[in-house]
Every structure is written in structure tokens, then in C-alpha cells.
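Scroll down for the structure; my scribbles are underneath it.
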Amino acid sequence: MTEGTELNNALAQQSTTASKPLHRKGLFDDARLEAVFRRRVDRLVQRPPSRLSRQLQALNYTLMFGVGSYMVLYQDYGDRPHCFTGLRKWYFGKVDSIWTLSSEEEQELRERGRLR
């Protein structure tokens, strides 16, 4: 019987040293209940995140990236230069080079009769 109580006391001592006890009066009148609560809380912290939590985290990062990209590249900040001007010029230069034809491509399409 003494071995069991010693083990319980050791577990209670470990769990109370792992996290500070709550100092609100009447919340845990029994030290054993506080030890059980602390052990359960510590066990919850050690668990890996759930699948839903991971999915919400991925959605959160995707939305943050999308909103940030929109604000940097497409948000209207007026006509004056601002901190994103250089990046925007570079980005829209790349986009224009992708979607516009080079002079060689234009000449080739005119020869084929596909461009007026």
C-alpha cells in the first residue's frame, strides 16, 4: 500500500512541477484532482495536431499568401511611388512578356495569315 501512495505522490509532484498550479481558491481543493488535471493537460499538449487542425492551418497559410500577394501586386496605392513600386514593375513586366508576342512570333503569325 505504501508503494502505491509513494508512486501517486511522485506523480503528483512531477505534474505540479511541470506546470504552475492555479492559485484560484476553490478550483482544486483536492491535490489528487489537480494532479489528474495537470497530467491530462500535459498529455493533450504532447499530442500531434488533428487532421482538421492541419487542414485549417493549410487553408490559413493559403489565404494569407493570396491576400498578401493581392495587396502587394494589385492593391491601388495611388499614383505616387511606394515601397512596392519596384516589385510591381518587375512582376507586370514578366506578366506582359508572357502574354505578349515577340516581334519574331508576330512576324511568323503574319506569314501564316493568322494575324492581321
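Note on Ser97: accessible area is roughly 70 Å² with a 1.4 Å probe, heavy atoms of protein only.
Once you reduce segment 53-71 and segment 77-97 to the center of their Cα atoms, the two points are 23 Å from each other.
The values are calculated or read from the model by the stated rules, or taken from the named source; none is laboratory data. Predicted model, so just to flag it, every value in this text is computed and none were measured. Accessible surface is based on the protein model in full, side chains and every heavy atom, while ligands, DNA and RNA are left aside. Shrake-Rupley method; radii C 1.70, N 1.55, O 1.52, S 1.80 Å.
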